[in-house]
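Visitor: The structure is given below, and queries will be raised subsequently.
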Amino acid sequence: MPPVRMDFAWCVDRIVYAPHAASDTATRRYVCIECKGGLDLRRTTVKAHGGRYNVPAYFAHERKSSTCTGASGESLQHLKSKYMLQKFLGHYDFCLECCEECQDCLGFVTKKSDKVALEERVVLGEKIYVYDVLISRRGRAAVAVEVFHTHKTEESKIEISGKHGIHVVEVRSSDVLGAEPRLDAALLNGGSITLPNVLKKTLVCTACQTLIVYSEQADDAFEDWVRTSCALELEYLRHLTAVTLAMLSELKRQVNATRLRGLKRKAFEKARVLSDNFEEEHRSRKSKAYRPGSSFKCCGCGVWGTSRRRIGRSKFFEYQYGKIQNWYVSKGLTSPDYAEACDLCTMKCPGCGDDYLLEYACKYGLCLECNLASHYTPGSSADLVRDAT
């Protein structure tokens, strides 16, 4: 039966990797991790196909009759991770606590002067706990590293260890093995790398807590200052806003009044010119009697004609519009929602651009709708109210 090959073995209190182990077996004794029996370090060169190649070093039992299979309860990844934590001591660190505000970490940086022990048994209270890697500093256990490959660390173990001042760090074996190139570089350059800690705690540091308290106090003080010291300033701003709005309203009133006066002046001038020619042109027209072929009767002069303009209902007082509609009712006709007038009796309103009677233009300037819509109609409001009643 060929000997069982093993990559790792115990040497005193350390795990040794066969390719890195020393060949001097006279001063070093290698022990099987599984059965604690003696092991030999073997390095061989095999001839094949006319050449030579080296077989990687390995451990094998000293006695060929040994029944140990070397199949330890630990996986190869788990063993190699612990070996690397032992080998690269002083070139890696862990983040134990991290502030969620400033992202500042409270870490543990390993030193070459630290002592490392593998599979260390520690009595805590009434129980005995075994740690994968125990790092001691100045004769006191500081950090216990658990390599997570298939099973996580128990919560009770973490809690009791913390009560006795031992920080428990859990690292994944894949993270340790994946960091081997960076660990080799750190070993050559004298640097250090951070290994991810699965049990990293998230909290708010003292500095951030103080800053938060000061910020809240500053906000409260600022609000008090606004409520007390700025009361007069706020009242002054309100008063200034009211005065500004009043000035703008007065300015708008003056602009509207000026515009209205200009429109009325324009309407009066145009109405005066049209009224001067109205009498002469009206005499040349025939009587107010109905003529065959006429299509409407003018509501202004009462003459029948064919050329007409439509005037909306809003351009008349209610009693005047009622008289116009009564004519249609007396004739047995359907009264429309507008009045009809001839070209001589109408003109365009300078304000809205609609047709209205020349009679209103000579008396009020603008049409009835524009006069009533304006609150700044000096001298005409009384006339409109009197005519409406």
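The values are calculated or read from the model by the stated rules, or taken from the named source; none is laboratory data. As the structure is a prediction and not an experimental result, all values here were calculated from the model. Here the Cβ positions follow ideal geometry from the backbone for every residue, glycine too, while neighbour counts run over all protein chains shown.
Visitor: On the given criteria, is residue 117 in contact (Cβ under 8 Å) with a residue 40 or more places away in the chain, under 18 Å from residue 13 (Cα atoms), in the same structural domain as residue 90 (by TED's automatic domain parsing) and assigned to a strand (DSSP E or B)? Working first, answer last.
Guide: Details: in contact (Cβ under 8 Å) with a residue 40 or more places away in the chain: yes; under 18 Å from residue 13 (Cα atoms): yes; in the same structural domain as residue 90 (by TED's automatic domain parsing): yes; assigned to a strand (DSSP E or B): yes.
The answer is yes for residue 117.
Visitor: Is there a residue in region 101-116 that is farther than 15 Å from residue 197 by Cβ, buried (at least 16 other Cβ atoms within 10 Å of the Cβ) and touching a helix residue (DSSP H, G or I) at 6+ places or on another chain (Cβ under 9 Å)?
Guide: Yes, region 101-116 contains a residue that is farther than 15 Å from residue 197 by Cβ, buried (at least 16 other Cβ atoms within 10 Å of the Cβ) and touching a helix residue (DSSP H, G or I) at 6+ places or on another chain (Cβ under 9 Å).
Visitor: In addition: Filtering region 187-215 down to residues that are over 28 Å from the mean Cα position of the chain (by Cα) and exposed (fewer than 11 other Cβ atoms within 10 Å of the Cβ), which residue is farthest from residue 103 (Cα to Cα)?
Guide: 188
Visitor: For region 141-165, which positions are in contact (Cβ under 8 Å) with a residue 24 or more places away in the chain, in a loop (DSSP other than H, G, I, E, B) and of a type in the set (Asp, Glu)?
Guide: Correct list: empty.
Visitor: Looking only at region 19-37, filter to residues that are at pLDDT below 75 and either of a type in the set (A, V, I, L, M) or in a strand (DSSP E or B) (or both); which one of those is surrounded by the most Cβ atoms within 10 Å (Cβ to Cβ)? First the steps, then the outcome.
Guide: Quick first cut of region 19-37, residues at pLDDT below 75 only: 19-28, 33-37.
If we keep only those that are either of a type in the set (A, V, I, L, M) or in a strand (DSSP E or B) (or both) as well, we get 21-22, 26, 33.
Working: 21: 21, 22: 11, 26: 6, 33: 19.
Step by step, filter region 19-37, then rank; the result is 21.
Visitor: With the requirement that a residue be surrounded by 11 or more Cβ atoms within 10 Å (Cβ to Cβ) and within 30 Å of residue 350 (Cβ to Cβ), what does region 217-253 give you?
Guide: 252, 253
Visitor: If you go through region 147-163 one residue at a time, how many are loosely packed, with under 11 Cβ neighbours inside 10 Å, at pLDDT 85 or above and farther than 18 Å from residue 97 by Cβ?
Guide: 1
Visitor: Would you call residue 170 free of Cβ contacts under 8 Å to residues at least 60 places away in the same chain, surrounded by 12 or more Cβ atoms within 10 Å (Cβ to Cβ), out of contact with any helix residue (DSSP H, G or I) (no Cβ under 6 Å at 6 or more places or on another chain) and of a type outside the set (Lys, Arg)?
Guide: Values: free of Cβ contacts under 8 Å to residues at least 60 places away in the same chain: yes; surrounded by 12 or more Cβ atoms within 10 Å (Cβ to Cβ): yes; out of contact with any helix residue (DSSP H, G or I) (no Cβ under 6 Å at 6 or more places or on another chain): yes; of a type outside the set (Lys, Arg): yes.
Yes, satisfied.
Visitor: Please note which helices (runs of 4 or more DSSP H) are completely contained in region 166-278 and include at least 3 residues that are modelled with pLDDT of 85 or more.
Guide: Working: elements: 173-178, 180-189, 206-228.
Because the criterion is at least 3 residues that are modelled with pLDDT of 85 or more, the helices (runs of 4 or more DSSP H) in region 166-278 that meet it are 173-178, 180-189.
Visitor: Somewhere in region 280-300, is a residue modelled with pLDDT of 75 or more, assigned by TED's automatic domain parsing to the domain that holds residue 364, under 19 Å from residue 362 (Cα atoms) and among the acidic types (Asp, Glu)?
Guide: The answer is no, given that none of the residues of region 280-300 is modelled with pLDDT of 75 or more, assigned by TED's automatic domain parsing to the domain that holds residue 364, under 19 Å from residue 362 (Cα atoms) and among the acidic types (Asp, Glu).
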